[in-house]
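Structure first, then comments.
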Amino acid sequence: METHTDINQFPREVREIMADDYTIPQGWEGYSDEEHQTWDTLYERQVKLLPGKAEQSFLDGLKALDLGRGGIPNFETMSDELESLTGWRVVAVPGLVPDEVFFDHLANRRFPAGNFIRRADQLDYLQEPDVFHDVFGHVPMLTNPVFADYMQAYGKGGLRSLDSGCLKNLAALYWYTVEFGLVQTDDGLRIYGAGIVSSASESVFSLKDPSPHRLKFDLERVMRTDYRIDDFQQTYFVIDSYEDLFHATVDTDFGPIYDRLQGVDDKYPVDTILAEAEVVHRGSQDYARK
Ligand code: HBI
Ligand code: FE
């Protein structure tokens, strides 16, 4: 999801209220009843589906931040609570922001969230991350201290990737962890990726469907993997713990990996299983062939 954003993609009214870091006021008072209702509809649908599927820190985070109190959350109130837990805040942005701006926010423990919500007649349709995806999907995991540190480390690694030409590799890492990650727990496989927990269909598909591969996470391999943004994933990567994920990235600060990836621009196709892979589930890939 490498983004080529240009300030002129936003309408003049937005540019006029936008700060240098692309943040805008959330405008919470301006949401209509219908928009709050859309949040409630999506919230209730996901909350029914996720017990036994989402990893416990996600479910705890929803509760800690009281995201089900009704209506679109107010970023200020939510951020005060989140900041007291892990030092993160949520800031409003009008849509996708340039990569360096995005990374800089994360590196400073600010999560940029779209302030708009999808239309009521397009509950499953998303062209750009809206407030439901960004807040429901991403923010609960930021209450987990280790995951919160990983997100900041990712932002710092992202800023460095811009100099080493490894942006595509960093984007793949985000995709297969923050957006579409699975985690092995004592109770079985669970979801922690925001793109999955915020999707009714993929929260079932990612865990239960025989079609996709589920492979143990391997940092360098993931960073060399292609990904698809238009349909369910063909491969999910499974971490053992957030500590492992954090250490895999932070212990090396990406340095040696960036060195090795310099000039490697061929990517593994989305359904590759390497000989050395630790396979949790070998997918039939039936869905992808449909
Ligand atoms: N901007 N608002 C927003 N949300 C994102 O998830 C986002 C972005 N800009 C860039 C970006 N993601 C990706 O290119 C990075 O994850 C690599
Ligand atoms: Fe996202």
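The values are calculated or read from the model by the stated rules, or taken from the named source; none is laboratory data. What you are looking at is a predicted structure, and each value in this text was computed from that prediction instead of being measured. For neighbour counting, all protein chains shown are included, and Cβ atoms are generated from backbone atoms with ideal geometry for every residue, glycine included. Protein only, heavy atoms only, side chains kept; ligands, DNA and RNA dropped before computing areas. Shrake-Rupley method; radii C 1.70, N 1.55, O 1.52, S 1.80 Å.
Which of (1) over 16 Å from the mean Cα position of the chain (by Cα); (2) under 21 Å from Gln9 (Cβ atoms); (3) not in a helix (DSSP H, G or I) does Glu100 not meet, given it meets every other one?
The single condition Glu100 does not satisfy is (3).
From the list Val222, Val270, Val204, Val280, which residue is part of a helix (DSSP H, G or I) and open to solvent by 10 Å² or more (accessible area, probe 1.4 Å)? Spell out the reasoning first.
Details: Val222 fails: open to solvent by 10 Å² or more (accessible area, probe 1.4 Å); Val270 fails: part of a helix (DSSP H, G or I); Val280 fails: part of a helix (DSSP H, G or I).
Sole residue among the options that is part of a helix (DSSP H, G or I) and open to solvent by 10 Å² or more (accessible area, probe 1.4 Å): Val204.
Val131: more than 30 Å from Val264 (Cα to Cα), among the hydrophobic types (A, V, I, L, M, F, W, C), open to solvent by less than 10 Å² (accessible area, probe 1.4 Å) and more than 11 Å from the chain's Cα centre (by Cα), yes or no? Even if it seems obvious, please write down each step before you answer.
Numbers: more than 30 Å from Val264 (Cα to Cα): yes; among the hydrophobic types (A, V, I, L, M, F, W, C): yes; open to solvent by less than 10 Å² (accessible area, probe 1.4 Å): yes; more than 11 Å from the chain's Cα centre (by Cα): yes.
Yes; evaluated as a whole, the condition is true for this residue.
Among (1) in contact (Cβ under 8 Å) with a residue 60 or more places away in the chain; (2) of a type in the set (A, V, I, L, M, F, W, C); (3) surrounded by 20 or more Cβ atoms within 10 Å (Cβ to Cβ), where does Leu59 come up short?
(3)
Has the stretch 236-253 got at least one residue that is more than 16 Å from ligand 1 (Cβ to nearest atom), within 27 Å of Tyr43 (Cα to Cα) and touching a Pro at 6+ places or on another chain (Cβ under 7 Å)?
Within the stretch 236-253, one or more residues are more than 16 Å from ligand 1 (Cβ to nearest atom), within 27 Å of Tyr43 (Cα to Cα) and touching a Pro at 6+ places or on another chain (Cβ under 7 Å).
Taking Tyr125 and the conditions (1) part of a loop (DSSP other than H, G, I, E, B); (2) open to solvent by 50 Å² or more (accessible area, probe 1.4 Å); (3) within 13 Å of ligand 1 (Cβ to nearest atom), which numbered condition does it fall short on, given that it satisfies the others?
Every listed condition holds for Tyr125 apart from (3).
Which ones in the stretch 25-41 are in a loop (DSSP other than H, G, I, E, B) and either among the charged types (D, E, K, R) or surrounded by 13 or more Cβ atoms within 10 Å (Cβ to Cβ) (or both)? Give the steps one after another, and end with the answer.
First, the residues of the stretch 25-41 that are in a loop (DSSP other than H, G, I, E, B): 25-27, 31-32.
Pro25, Gln26, Tyr31, listed by residue number.
Of the residues Asn144, Asn169, which single one is away from ligand 2 (no atom under 16 Å from the Cβ), modelled with pLDDT under 95 and within 17 Å of Leu106 (Cβ to Cβ)? Break it down into steps so the answer makes sense when it comes.
Working: Asn144 fails: modelled with pLDDT under 95.
Answer to the check: Asn169.
Pairs needed: first member in the stretch 159-171, in a loop (DSSP other than H, G, I, E, B); second member anywhere, away from ligand 2 (no atom under 16 Å from the Cβ) and at pLDDT 90 or above; C-beta distance under 8 Å; at least 6 residues apart or different chains.
Cys166/Met223
Is it the case, given these coordinates, that Ser198 is surrounded by 15 or more Cβ atoms within 10 Å (Cβ to Cβ), at pLDDT 95 or above and either among the charged types (D, E, K, R) or farther than 30 Å from Phe111 by Cα (or both)? First the steps, then the outcome.
Numbers: surrounded by 15 or more Cβ atoms within 10 Å (Cβ to Cβ): yes; at pLDDT 95 or above: yes; either among the charged types (D, E, K, R) or farther than 30 Å from Phe111 by Cα (or both): no.
Here the answer is no, as Ser198 does not meet what is asked.
Just a yes or no: is a residue in the stretch 175-185 more than 13 Å from ligand 2 (Cβ to nearest atom), open to solvent by 20 Å² or more (accessible area, probe 1.4 Å) and either within 18 Å of Leu59 (Cα to Cα) or part of a helix (DSSP H, G or I) (or both)?
The initial filter retains those residues of the stretch 175-185 that are more than 13 Å from ligand 2 (Cβ to nearest atom), namely 182-185.
If we keep only those that are open to solvent by 20 Å² or more (accessible area, probe 1.4 Å) too, we end up with 184-185.
From the residues that got through so far, the ones that are either within 18 Å of Leu59 (Cα to Cα) or part of a helix (DSSP H, G or I) (or both) too are 184-185.
So far as the stretch 175-185 goes, yes, one or more of its residues are more than 13 Å from ligand 2 (Cβ to nearest atom), open to solvent by 20 Å² or more (accessible area, probe 1.4 Å) and either within 18 Å of Leu59 (Cα to Cα) or part of a helix (DSSP H, G or I) (or both).
Considering only residues that are assigned to a loop (DSSP other than H, G, I, E, B) and open to solvent by 10 Å² or more (accessible area, probe 1.4 Å), which ones fall in the stretch 72-94? Full working, then the answer.
From the stretch 72-94, those assigned to a loop (DSSP other than H, G, I, E, B) are 72-74, 87-88, 94; that's our starting set.
Matches in the stretch 72-94: Pro73, Asn74, Gly87, Pro94.
Answer yes or no as to whether Arg224 is under 26 Å from Phe103 (Cα atoms), away from ligand 2 (no atom under 16 Å from the Cβ) and basic (Lys, Arg). I'd like the intermediate steps shown before the answer.
Values: under 26 Å from Phe103 (Cα atoms): yes; away from ligand 2 (no atom under 16 Å from the Cβ): yes; basic (Lys, Arg): yes.
Criteria met by Arg224.
Six or more apart or on different chains, Cβ under 6 Å: which pairs go from a residue in the stretch 119-141 that's among the small types (Gly, Ala, Ser) to one that's crowded, with 22+ Cβ neighbours inside 10 Å? Could you list them?
What qualifies is Ala120/Thr38; Gly137/Ala194; Gly137/Val197; Gly137/Ser198.
Is there a residue being within 23 Å of Leu207 (Cα to Cα), loosely packed, with under 11 Cβ neighbours inside 10 Å and of a type outside the set (Gly, Ala, Ser) anywhere in the stretch 7-15?
Step one: of the stretch 7-15, the residues within 23 Å of Leu207 (Cα to Cα) are none.
Scanning the stretch 7-15, I find no residue that is within 23 Å of Leu207 (Cα to Cα), loosely packed, with under 11 Cβ neighbours inside 10 Å and of a type outside the set (Gly, Ala, Ser), so the answer is no.
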